[in-house]
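Student: Next up is a structure, given as structure tokens.
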Ligand code: AMP
């Protein structure tokens with residue numbers, strides 16, 4: 001089972017991906033987490049990504065896609081993966097299709113977690129206080145929302161056109177969102 005979790009920043013993709021990882025026993029591939037890991041370890045890739053992340057912009061596709069290709073090649077991804085924060089634009093979505101096709105695989109479902117915009121901003125500002133994420137300040141949040149609207153949201157049409165999107169109400173308690181997600185994923189498998 002390969003699935004792509006879609007939703008704006010603050011929709012709860014990371015939380016839900018981690019829970020789904022446990023429920024389905026397939027790994028979460030979070031490009032944001034992978035980049036943060038590189039940043040922390042001051043790798044060349046981390047240094048390259050830092051400016052983009054600080055500004056809330058997308059890291060260039062060739063870098064991101066190369067990182068995902070490496071991750072997907074690892075043995076734990078042979079039977080499935082939960083993509084969280086990837087793809088973020090149409091070019092990345094096409095690249096993901098190609099990568100999976102090379103493995104004779106394909107995406108089975110694209111749960112889209114929707115949350116009203118004012119709730120999102122409130123959540124992101126709260127997360128900034130709790131987790132201290134450098135990119136959760138007001139200006140970066142604004143950029144990330146704009147990048148989402150312009151580049152990532154078109155993925156909804158891209159995946160809807162091939163019948164993969166299932167809408168999930170993200171404005172509920174975490175357990176309720178998880179229940180709906182697991183039900184949708186089970187129905188698709
Ligand atoms: P996230 O944790 O998914 O919100 O990602 C944090 C930051 O990492 C983003 O604002 C981007 O700068 C970068 N990033 C994460 N995933 C991607 C991606 N798929 N493509 C480009 N940049 C990404």
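Student: Taking the chain as a Gaussian network, Cα atoms linked when under 10 Å apart, which of 85, 73, 170 shows the biggest mean-square fluctuation?
Tutor: Result for the chain, Cα springs under 10 Å: 73 fluctuates most.
Student: Okay, moving on. Per the Kirkwood treatment, what hydrodynamic radius in Å, one decimal, follows for the chain from the mean inverse distance over all distinct Cα pairs?
Tutor: Evaluated over the chain, this radius sits at 16.8 Å.
Student: Follow-up. Among 153, 18, 40, whose mean-square fluctuation peaks in a Gaussian network model of the chain (Cα, cutoff 10 Å)?
Tutor: Comparing 153, 18, 40 in a Gaussian network model of the chain, the most mobile one is 40.
Student: Just from its helices, what would the mean residue ellipticity at 222 nm be for the chain, if runs of 4 or more DSSP H residues each count -39500 (n - 2.57) and the sum is divided by every residue, rounded to the nearest 500 deg cm²/dmol? Walk me through the intermediate numbers first.
Tutor: On the way: 9 runs with 106 residues, N = 189.
Calculated from helices alone, the mean residue ellipticity at 222 nm is -17500 deg cm²/dmol.
Student: Return the single residue from 55, 179, 123 with maximal mean-square fluctuation; model: Gaussian network over the chain, springs between Cα atoms under 10 Å.
Tutor: Its mean-square fluctuation being the largest, the pick is 179.
No lab work stands behind these numbers, since they all come straight from the coordinates. As the structure is a computational prediction, the values presented were derived from the model and not from experiment.
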